[in-house]
1. Where the Cα atoms of region 100-162 are projected onto their three principal axes, how long is each span, largest first, in whole Å?
2. Once you have the Cα-Cα distance between residue 76 and residue 155, take 0.36 nm times their residue separation minus that, and quote the gain in nm to one decimal.
3. Would you mind checking region 95-119 for residues with the amide N under 17 Å from a putative spin-label position 7 Å along Cα→C-beta of residue 166?
4. Mind checking the per residue accessible area of region 88-199 for me, 1.4 Å probe, whole number of Å²?
5. So, with +1 on the Cβ of K and R and -1 on the Cβ of D and E, and no other charges, what is the size of the charge dipole of the chain about its Cα centre, to the nearest 20 debye?
6. In the chain, what percent of the accessible surface is made up of carbon and sulfur (1.4 Å probe, ligands and nucleic acids excluded)?
7. Going 7 Å from the Cα of residue 66 in the Cα-to-Cβ direction, what parts of region 4-44 have a backbone nitrogen less than 18 Å from that spot?
8. Multiply the residue separation of residue 173 and residue 94 by 0.36 nm, subtract the distance between their alpha-carbon atoms, and state the gained length in nm to one decimal.
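The values are calculated or read from the model by the stated rules, or taken from the named source; none is laboratory data. All figures in this text were calculated on a predicted structure; none of them were measured in a lab. Neighbour counts run over all protein chains shown; Cβ positions are idealised from the backbone, glycine included. With ligands, DNA and RNA removed, areas are computed over all heavy atoms of the protein, side chains included. Shrake-Rupley method; radii C 1.70, N 1.55, O 1.52, S 1.80 Å.
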Amino acid sequence: MHLEAPDLHQQRLQRVVQLIKAGGASRVLDLGCGSGGLLQYLLRDPHFERVVGLELSGELLAQAKLRLEDLPAVTAGRLELICGSYADPHPSLVGFEAAAMVETIEHVPPEGLSKVERAIFAALRPALLVMTTPNCEYNPLYDMGPGELRDPDHKFEWDRARFRDWAQGVARRNGYRVRFSGVGEMHSHLGQPTQVATFALAQGVSPPDA
């Protein structure tokens, strides 16, 4: 059971779309698209010409297809849904203008983070990537106890310092710049419930050796 405020998820999706659009991207890859929440926002905006959703769960992908099938953008061929993991190679998805990872990284076992980094930042290399993840410092405001996670499938939830450290390392190793922000109500000491990292591929940087 999710313990967040119901509207926080919508705020996250809107913020991700805003950041991607501000970057000028019209071709967007949603890594871990789930049941299609972000895809729905993207497809309703004519600015986005091609949208691809990648999701490991066949059940969630079927839900996304059902949710989106009547949108004009879908019938116009702007959407592609792919069943697969973003930790595996996907040569056809290399070099997208933008990618999103909305509340997905915390579902990866810690020992799998290096594989995900290689697959996405070293291989797919989107020009822009927007990532969101919970800020565990905020969890006491949801009446959660120490070590309690917002979703039973989460493998971890990072505080702001840990997320910054990881994201800055990923950016440094793969030729990206990264900026941090947040979504949701700000607390003076605990920050915001959702953390956001926006990675931008540094100009003139060659891909690292795979």
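1. Sorted from largest, the Cα extents of region 100-162 read 40, 22, 20 Å.
2. Gain in length upon complete extension: 24.6 nm.
3. Zone members listed by number: 100-119.
4. Numbers: 4970 Å² over 112 residues.
Using a 1.4 Å probe on heavy atoms only, each residue of region 88-199 averages 44 Å².
5. Roughly 860 debye for the chain.
6. On the way: 5380 of 10210 Å².
Solvent-exposed carbon and sulfur of the chain make up 53 percent of the total.
7. What the label zone holds, given the 18 Å backbone N cut-off, is 33-40.
8. On the way: separation 79, 0.36 × 79 = 28.44 nm, distance 1.81 nm.
So the chain would gain 26.6 nm between residue 173 and residue 94.
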